[in-house]
Amino acid sequence: RGYCSRRLRRLRKTLNFKMGNRHKFTGKKVTEEILSDNRYLLLILMDAERAWSYAMQLKQEANTEPRKRFHLLSRLRKAVKHAEELERLCESNRVDAKTKLEAQAYMAYLTGMLRFEHQEWKAAMEAFNKCKTIYEKLANAFTEEQAVLYNQRVEEISPNIRYCAYNIGDQSAMNELMQMRLRSGGTEGLLAEKLEALITQTRAKQAATMSEVEWRGRTVPVKIDKVRIFLLGLADNEAAIAQAENEETKERLFESLLSECRDAIQAVREELKPDQKQREHSLENDSGKVSNIQYLHSYLTYIKLSTAIKRNESMAKSLQKALLQQQRSEEDGKRSPRPQDLIRLYDIILQNLVELTQLPGLEEDKNFQKEIGLKTLVYKAYRCFFIAQSYVLVKKWSEALVLYERVLKYAREVQSGAGAHRNSLKELPDVQDLITQVNAEKYSLQAAAILDANDPHETESPSQVKDGKPLSERFETFCLDPSLVSKQVSLVHFPPGFQPIPCKPLFFDLALNHVAFPPLEDKVEQKAKSGLTGYIKGIFGFKS
C-alpha cells in the first residue's frame, strides 16, 4: 500500500498530472485522448492496487476487530471500480491485444475477490473462471518464460474456484481442496482461513451426531463440541500425515494436529473444576474408576503424547537416513547431522512414555503398562545404539562395545516379551534389523580396536598437536598451528615468569671495633677557657 502511494506520487509528478495544488483540489480523469504515454494506464493500475492492498491489510486486522470488515468491503469495491475504468481505457485502439486481455483478466479477478468476500459463490466462480480462461490462453500464446507467470496465476486461482464449487453444492470439490492442501504444504492468501473454516464447519456438522467415544474397553460420553470436532478430524489428520510427500509437509501437519489436541485438552480442563471433580468422585469411588471427564482427559493426553512420539520418530528416521548416506554437503552451509541429535530425540520419546504410564485411570491396566514397557525397551535399545555410535567417533572402543551389548540385551528382552503384543509393536522400528546392524558394528569395532592397539608408530598429526607451548619455546619442532593466524596467537609467555637473581651484598665494618682514636682532652680544655673569655670580651667590644 505504501509503495503504491509513493509510485502514484512519482507518476503524477513526472507526467505533470497533479490534482490541483496544496490549497485547492482539482480532480482530473485519464481519458483516451491523453493516452500518449503508457504511464497514464499505470496511474489507474496503482489506484486499484492501492485499494486492494489496503483491503488485504484490513482483512488481517478484522480478525481482532470485526468492524473493519465493512471498510474492507468498501476498499474492494473501490478496487473493482478502478479496474473497470482500466478495462474501459484499454479498449482504445492505442492499446495492443495483450494488454486488453490482461486488463480483462485483472478486472475479472478483482470482481471475483469482491463476490468471494460477499459469499456470492456462483458469481465469484464465474468471474474466477473467466480470469482463469484468459490466463490459460495467454500462456499458450507466448514463450515458455512468459507462460510461467500466467500458469502461476492459474494455480493461484484454482483453489478459489474449487472452494466456490463446494459451497454451491459440489461435494467432490472438498476432496480436491484437501489434496491440494496436502500437495502444496498449506494454502496461502485469501483462501487459507476460508479453507480451515470450511474443514471446521464440515466437522461441526458431523459432530452433532457424535455423543460418545470408546477407548480401551470403556465408553465415555463427549459433551464438549471442540473435543467432538477434534476426534472426528483425528482420522483424517493421521491419513494426511501418512500421505505427506515430504518431511516439511509432514512436520507441519504434525504441528497442526498437536495444536488442535492442546486446544481440546484445554477445553476439557475448564470442565474439570474442583467442585465438579469432587462430586463425580463421590459417586464413583465405590467402583474404583475415575470420572468420565477425567478419563476423557487421559484419552486426549494419550493422543497428544502418542502424536509427539510419532513426530519425533519421523524426525529420527530422516536423521538416520542422512547418517547412513555418509554425504556431508559443506557447500550448502548446513550442519551435518550427528548421533547426538538422535540421542536427544530418543530422550524426549522416553520421557513421553514415562508420562503415558502415569495417566489417571490406566494404572491398573496391565496390558497397557506391558505395552508401554515393551515400547520403552525398543527406544532404549535405539538410544544406546546411537550413544555407542557417538563413542565410536571419538575412538572409545571399550565403552562402545559395552553399549552394543546393552542394545542386544534390550532387543532380546523385546523379542522374548512381545508375545501377545506384536500388533502394538508393528508401528515401531524392527529390533531384528537393529540386532543385525549391531552384530556387524561389533565386528568392525573389534577390528578397529585391534588395529589401533597394534600401531606403535601412531602419532598425532601436526595439525592436532596442542602442547600449550608458545612459539618461542618450540622453534626446533615443526607444528602446523592454526592459532598463529588467529587473534589469540601464543608467541611468548606474558607476563614473563620470575627468575632467581643474586641479591645486593651487605657490608659490615668490622675494623671499627679495633681502631684506637687519638686523645682529645687537651683540645677540649682549651676550647672551654677560650670560650668563656671570648664571650666576655665580645660583650664589651674588646678584641684580643
query: Given that compact globular proteins tend to follow 2.2 N^0.38 Å, what is the ratio of the alpha-carbon Rg of the stretch 121-172 to that value?
result: 1.25
task: Find, among the trypsin sites (Lys or Arg not before Pro) in the stretch 62-143, those assigned to loop by DSSP (not H, G, I, E, B) with at most 13 other beta-carbon atoms within 10 angstrom.
output: 67, 94
query: Mind listing which chymotrypsin sites (Phe, Trp or Tyr not before Pro) in the stretch 1-94 are in a DSSP loop and have 11 or fewer other Cβ atoms within 10 Å?
result: 25
statement: Over all pairs of different Cα atoms in the stretch 1-137, the reciprocal of the mean inverse distance gives a Kirkwood radius in Å of 16.2 Å
message: Give me, ordered by chain and number, the residues 5 or more places off residue 215 or on other chains with an amide H under 5 Å from its own placed amide H.
response: 220
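Since every read-out is calculated from the coordinates, none of them should be taken as a lab result. Note that this is a predicted model, so its numbers are computed, not measured. Here the Cβ is made from the backbone with ideal geometry for all residues, glycine too, and neighbour counts use every protein chain on show.
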